Amino acid sequence: MRFVPHSIRHEPAKPVTFEAACLTDECGEQSGPQGEQEDAQDWCLRHAGRTGHDLFRRVVTDHARVTRDE
């Protein structure tokens, strides 16, 4: 066995997705995967305006590819 250096990079063929979920006391509503960050943020703002809820979890999903540096 030997050490082989690797690199990890964003995989441009796979989309980055943005999601938000309300964390206010058992609400459980979610934006679902969005292709644009603004869409997930707008969902939070609409949800907050409609419900008064103010705590959200935001998740960004990125795909990565690992390749050998040799």
Overall dimensions of the chain by Cα: Rg and Dmax, Å: 17.7, 59
Free-standing Cys residues across the chain, given no other cysteine C-beta under 4.7 angstrom: C44
Local electrostatic count at D39 - Lys and Arg +1, Asp and Glu -1, tallied over other residues with Cβ under 13 Å: -2
Computed lengthening from M1 to L45, 0.36 nm per intervening residue step minus Cα-Cα distance: 10.5 nm
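Suppose a student asked you for the relative contact order of segment 1-68, using Cα pairs under 8 Å spaced at least 6 residues apart; what percent would you report?
Working: 103 pairs, mean separation 32.6, N = 68.
Relative contact order of segment 1-68: 48 percent.
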Nitroxide proxy distance, nm - points 7 Å out along Cα→Cβ at A13 and E36: 2.7 nm
Debye, to nearest 20: dipole size of segment 31-70, +1 on Lys, Arg Cβ, -1 on Asp, Glu Cβ: 240 debye
Carbon and sulfur %, accessible surface of the chain computed with the full protein complex present, 1.4 Å: 50 percent
Linear extension gain, T24 paired with A64, 0.36 nm per residue minus alpha-carbon span: 11.2 nm
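For segment 13-53, what is the accessible area per residue in Å² when the probe is 1.4 Å? Don't skip to the end; give the middle numbers.
Numbers: 2650 Å² over 41 residues.
With all protein chains present, segment 13-53 gives 65 Å² per residue.
The values are calculated or read from the model by the stated rules, or taken from the named source; none is laboratory data. On a predicted model such as this, the values are computed, not experimentally measured, just so you know. Ideal geometry is used to build each Cβ from the backbone, glycine not excepted, and the neighbour counts take in all protein chains shown. To get the accessible areas, we keep the full protein, side chains included, count just its heavy atoms, and leave off ligands, DNA and RNA. Shrake-Rupley method; radii C 1.70, N 1.55, O 1.52, S 1.80 Å.
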